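What follows is one structure encoded as structure tokens, with my remarks underneath.
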Amino acid sequence: MFNMIVKVTKGNSKAILYEKQMISIDISLFTRIENQLKVLLVKRTEEPFKSCWSLLGGKVYNNESCETAVLRELDEKLALKNIESFLTGVFSNPVRDPRFRNISVSYYGICASIPKLTINERKLSEIEFFGLDALPLLAFDHEEILKHSLKILREQIYDPRLIKQFVPDIFTLKELQEFFESIFLAKLDKRNFRRKISSLDCLVKTGEKNEKDTRKKSDYYKLK
């Protein structure tokens, strides 16, 4: 945290331009659980907003970039490595943090599958993955940050490279559509969705059928 103070003199008055400023990063970590998009939230243990849920985040050290800070926070707090992150915005409202000026650089990351997370109990007390339709009240302006990160994800989700990070090895088109609906929080037209996916030219049939179907057996697909 920076403690430098710059003062500008106007006549006999002095105005403090900046003091006690901090740069932080906030991460919307998304994954697929039970074929639904979920986001990781952590419970705060200190004021302000003690016991409230928030996005995972932390300070940016003076000797690192914001991208490096994202990787460090994920590793230090959850032992997650090599998580690709995507810049989603900068949040600089002077009063977004009641303690001091705190500029947040936000990212979203994708955890393809959730192993048994190793929680650093010195830094985190409780974590939970929430569906987008069941979010709790969030600390600071994290609701705004999450909504913005989700907007970016929705704009990019038809990129086969992103789809690959979410889907299992094999899946039906119905399962894929249900997952996309959990991202958009809306029903998608079956014909339009399949036309859109077909245009990406990223799927191939495995030759297997879903034997759980009671009527016509649907095909299993995989990504090329």
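On the basis of being in contact with a strand residue (DSSP E or B) (Cβ under 9 Å, 6 or more places away or on another chain), outside the structural domain of ILE25 (by TED's automatic domain parsing), within 19 Å of ILE114 (Cβ to Cβ) and not charged (D, E, K, R), does ILE197 make the cut? Walk me through how you get there before you give the answer.
Details: in contact with a strand residue (DSSP E or B) (Cβ under 9 Å, 6 or more places away or on another chain): yes; outside the structural domain of ILE25 (by TED's automatic domain parsing): yes; within 19 Å of ILE114 (Cβ to Cβ): no; not charged (D, E, K, R): yes.
Against the criterion (in contact with a strand residue (DSSP E or B) (Cβ under 9 Å, 6 or more places away or on another chain), outside the structural domain of ILE25 (by TED's automatic domain parsing), within 19 Å of ILE114 (Cβ to Cβ) and not charged (D, E, K, R)), ILE197 does not qualify.
Name the residues in the range 175-213 that are within 24 Å of LEU132 (Cα to Cα), surrounded by fewer than 13 Cβ atoms within 10 Å (Cβ to Cβ) and in contact (Cβ under 8 Å) with a residue 12 or more places away in the chain, would you?
To start, the set of residues in the range 175-213 that are within 24 Å of LEU132 (Cα to Cα) comprises 175-190, 192-194, 196-197.
Now narrow it down to the ones that are surrounded by fewer than 13 Cβ atoms within 10 Å (Cβ to Cβ): 185-187, 189-190, 192.
Result: LEU185, LYS190.
In the range 72-90, which residues are part of a strand (DSSP E or B) and touching a helix residue (DSSP H, G or I) at 6+ places or on another chain (Cβ under 6 Å)? Lay out the reasoning, then the answer.
Step one: filter the range 72-90 for residues part of a strand (DSSP E or B), giving 85-90.
Matches in the range 72-90: SER85, THR88, GLY89.
List pairs: first residue in the range 76-87 and in the same structural domain as GLU121 (by TED's automatic domain parsing), second residue assigned to a helix (DSSP H, G or I) and at pLDDT 90 or above anywhere in the structure, Cβ distance under 6 angstrom, at least six positions apart or on different chains.
LEU80/LEU74; LYS81/ASP75; ILE83/LEU74; SER85/VAL70
Would you point out the residue of the range 123-181, among those that are hydroxyl-bearing (Ser, Thr, Tyr) and modelled with pLDDT of 95 or more, that is farthest from SER104 (Cα to Cα)? Before you say what the answer is, go through the steps one by one.
Taking the range 123-181 first, the residues hydroxyl-bearing (Ser, Thr, Tyr) are 125, 149, 158, 172.
With modelled with pLDDT of 95 or more added as a condition, the list becomes 149, 158, 172.
Values: SER149: 13, TYR158: 27, THR172: 39 Å.
Looking at residues that are hydroxyl-bearing (Ser, Thr, Tyr) and modelled with pLDDT of 95 or more, I get THR172.
Rundown of residues vs (1) touching a Leu at 6+ places or on another chain (Cβ under 8 Å); (2) surrounded by fewer than 15 Cβ atoms within 10 Å (Cβ to Cβ); (3) under 28 Å from PRO168 (Cβ atoms), yes/no style:
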position: ASP26; (1), (2), (3): yes, no, no
position: PHE30; (1), (2), (3): yes, no, yes
position: SER65; (1), (2), (3): no, yes, no
position: GLU76; (1), (2), (3): no, yes, no
position: ALA134; (1), (2), (3): no, yes, yes
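Looking at this structure, is ASP133 in contact (Cβ under 8 Å) with a residue 40 or more places away in the chain and closer than 30 Å to GLU46 by Cα?
Yes.
Scan LYS164, LYS123, LYS116, LYS147 and give me the residue that is in contact with a strand residue (DSSP E or B) (Cβ under 9 Å, 6 or more places away or on another chain), among the charged types (D, E, K, R) and assigned by TED's automatic domain parsing to the domain that holds GLU47.
On the way: LYS164 fails: assigned by TED's automatic domain parsing to the domain that holds GLU47; LYS116 fails: in contact with a strand residue (DSSP E or B) (Cβ under 9 Å, 6 or more places away or on another chain); LYS147 fails: in contact with a strand residue (DSSP E or B) (Cβ under 9 Å, 6 or more places away or on another chain).
On inspection, the qualifying residue turns out to be LYS123.
Check off (1) of a type in the set (Lys, Arg); (2) surrounded by 13 or more Cβ atoms within 10 Å (Cβ to Cβ); (3) at pLDDT below 95 for LYS50 and give me the number that stays unchecked.
(2)
The values are calculated or read from the model by the stated rules, or taken from the named source; none is laboratory data. Computed from a prediction, not measured in an experiment: that's the story for all the values here. Reconstructed Cβ throughout: ideal geometry from the backbone, glycine too, with neighbour counts over all protein chains shown.
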